[in-house]
Structures are given as C-alpha cells and as structure tokens.
Amino acid sequence: MKIVSLTATGVLVFLLALIAIARPSHSIDVPNERQNSAAQLFSQNCAKCHGKDGRPKGLKARVAGVRNLTDAQWQDRVTDERIFNSINNGKGKMPAFGKKLSEADVNSLVSYVRSLKK
C-alpha cells in the first residue's frame, strides 16, 4: 500500500510540474501587456506632437520645439526622473498629464520613451 501511495504522489507531482510548464505564469504576460498599454498611451497622448515613432514631424512641431525622443544624445543625458516629471507636470508647451494618467501609466511611458532610443 505504501508503494501505491508513493507512486500516486509522484504522479501528482509530475502532473503539477507539467501544468506549470505548459501554462505560462501571469507575470510572464505582464511586461507585454504593459508594453502594449504604454504604446497605446503614447499613441493616444503623445504621438500627436512627438510623432508615432518619437520623431516629431512637420513645421508646427519644429516651431513648437517638440523633443525628438529618439535622439540618442538626449536619451543619454536625461534621467528617468526628468522624463517622468515632464510627462507628469508638463514642460514648456507640453501639457501636464499627471491628472489624466496614473503614476503607473506615467512610469510605463517613461519606459516606452526609453525604448524609442536610436
């Protein structure tokens, strides 16, 4: 009887291991969801001025002094905190999004802006 019990336990552990391997955990999906969410947030709130790819286009953007978010030199100089503060509080002609977006949304936009670096 002990042999049957031990075997049943072994089979159960084996099946649970298979389920864990076959079914990805939620934490694996979260970065993709955040990235998609950040891309959507950028498209909805930032692309109008900064361009869909982070490069402002057109005379209006140049006259307004819209930042090229893909500029590697700027990306190297600026801190995440400064990007966060610019999004949250606005800067120059850029409106503040702190009342419109959550802190988590702003943080995801900071990461998204970082991903635009050339």
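The values are calculated or read from the model by the stated rules, or taken from the named source; none is laboratory data. Here the structure is a predicted model, which is why all the values come from computation and not from measurement. Neighbour counts are summed over all protein chains in view; Cβ atoms, including those assigned to glycine, are modelled from backbone coordinates with ideal geometry. Keep in mind that these areas ignore ligands, DNA and RNA; they rest on the heavy atoms of the full protein, side chains included. Shrake-Rupley method; radii C 1.70, N 1.55, O 1.52, S 1.80 Å.
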Residue list for the stretch 51-78, filter: part of a loop (DSSP other than H, G, I, E, B), polar (S, T, N, Q) and either open to solvent by 40 Å² or more (accessible area, probe 1.4 Å) or on the phi > 0 side of the Ramachandran plot (or both):
Asn68
Just give me the residues in the stretch 18-31 being assigned to a helix (DSSP H, G or I) and either open to solvent by less than 100 Å² (accessible area, probe 1.4 Å) or at pLDDT 55 or above (or both), in sequence order.
Leu18, Ile19, Ala20, Ile21, Ala22, Ser27, Asp29, Val30, Pro31
If you go through the stretch 79-113, how many residues are part of a loop (DSSP other than H, G, I, E, B), open to solvent by 50 Å² or more (accessible area, probe 1.4 Å) and under 12 Å from Cys46 (Cα atoms)?
2
Verdict on Ala38 being touching an Asp or Glu at 6+ places or on another chain (Cβ under 9 Å), of a type in the set (A, V, I, L, M, F, W, C) and open to solvent by less than 70 Å² (accessible area, probe 1.4 Å)
yes
